[in-house]
1. Could you run the Karplus curve 6.51 cos²θ - 1.76 cosθ + 1.60 with θ = phi - 60° over region 110-124 and give me ³J(HN,Hα) per residue in whole Hz, x for Gly and Pro?
2. Name the residues whose placed amide hydrogens come within less than 5 Å of the amide hydrogen of S203, ignoring near sequence neighbours (fewer than 5 apart) on the same chain.
3. For region 208-291, which GluC sites (Glu not before Pro) pass both filters: DSSP loop (anything but H, G, I, E, B) and at most 10 other C-beta atoms within 10 Å?
4. Quick check for me: using +1 on Lys/Arg Cβ and -1 on Asp/Glu Cβ, what's the dipole size of region 49-132 about its Cα centre, in debye to the nearest 20?
5. In whole angstrom, note down how far apart the Cα centers of region 202-263 and region 58-108 are.
6. Tabulate in residue order the Karplus-calculated ³J(HN,Hα) for region 148-163, using 6.51 cos²θ - 1.76 cosθ + 1.60 with θ = phi - 60°, rounded to whole Hz; enter x for Gly and Pro.
7. Straight-line reach from K249: which aspartates and glutamates have Cα under 20 Å away, leaving out those fewer than 8 places along the same chain?
8. Do me a favour and compute the ellipsoid semi-axes for region 43-123 from its Cα gyration tensor, root of five times each eigenvalue, largest one first, whole Å.
Amino acid sequence: MGNRQSLPPDRRNQTNSLNLPPKPIENLQLPNQRSEPFTEKNLRGLCLDFLKGLRQSSKTLEGKAAIVEKIKKDWPDLKQGEVRISAIRPSDVRKWLASYPFGGDSYNSYLWFIRGAFDHAVENRMLASNPASGIRAIKRDSPIRTTPTFEQFKVIVGNIRSQGKNARRDESADFVEFMGLAGVGNAETINLTWGDIDFKGGSITLFRQKTRKGYKIPMFPQLRPLLEDRRGAAERRNDEQVFTIRSAKKSMKAACEKSNLPHFDHRSLRRMFVTRALQLGVDVKTVSAWQGHQDGGKLILSTYSHVLNDHSERMAKLMAES
């Protein structure tokens, strides 16, 4: 220790061959440091950015674009939609939602959109937390949905075919009959092409708009003659639409009025299919798969519990001693 000698002054900076002064710390470029200035998004910009990433029907996107316009004009801040997203508090979201005299459905739609936009900001590290995460949606009353029986369904289809003043009566009747026999909705029906139908394999490939996923259903016995009649003998292109109309609401309304039936709509046909399948003894998991659900039957169980209870009571009677 006592023999240690310090380096001469002319050798102390030998490691710095150019004898340059050290760089100031503020000029150092860290690996993850931005070289360009960070510009924080305002609320309007965030909502537009979120909207661009959504894959939904054009009608749904139009509705959400209208919400963005409402945010731009009505947000409770002096800067309105130009407010910085980091300055937004949960109370601001509540004030905005409370400023509209709408019902539960619209309230929930607005809440889910703004919550989704803030989730997008959190996911992309624009925000640390979502100011709308703690705001609860309004619990909606369960609506009374009318469902036709299978006999009523056949009457409706027959009435549509007999509508003399309806130039597209057969097309409308086929449209309604397909939805009822296949258990599908309007969107799946209008998007169906001949390439989706496998006559040899006995299956139909459908695309469910809500989940944005495809699924297959069997070609049920009563569906085949309907589809074969529509195909005819002519060659059909794979990308050719099976149906040339997009709605049969007017035809259904007129057919229901003719037979003094409730005003059943397109959705009621899907409910009829599910109800009938359960009543005939098809298991819940299979019915769920036919609907394109991926929850193993949970939604069917919760929605159609009354049908299942009635079916269970009928099955219980079979256990009586003979």
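1. Values per residue, Gly and Pro as x: 5, 5, 5, 5, 5, 5, x, 5, 6, 4, 4, 5, 5, 4, 9 Hz.
2. Amide H neighbours of S203: D198, M219.
3. Working: sites: E228, E235, E240, E257; in loops: E235, E240.
When the GluC sites (Glu not before Pro) of region 208-291 are filtered for loop state and at most 10 Cβ neighbours within 10 Å, E235 remain.
4. Working: 14 positive and 10 negative charges, 13 e Å.
Magnitude of the dipole: close to 60 debye.
5. Between the Cα centres of region 202-263 and region 58-108 lies a distance of 39 Å.
6. Taking θ as phi minus 60°, the curve returns x, 6, 5, 5, 5, 4, 5, 5, 4, 4, x, 5, 5, 5, 9, 6 Hz for region 148-163.
7. E151, D170, E171, D174, E177, E188, E257, D265
8. On the way: eigenvalues 67, 51, 26 Å².
Values for region 43-123, descending: 18, 16, 11 Å.
Readers should treat all values here as calculations from the given coordinates under stated rules, not as data from a laboratory. Here the structure is a predicted model, which is why all the values come from computation and not from measurement. In this analysis, Cβ positions are derived from the backbone assuming ideal geometry, glycine residues included, and neighbour counts consider all displayed protein chains.
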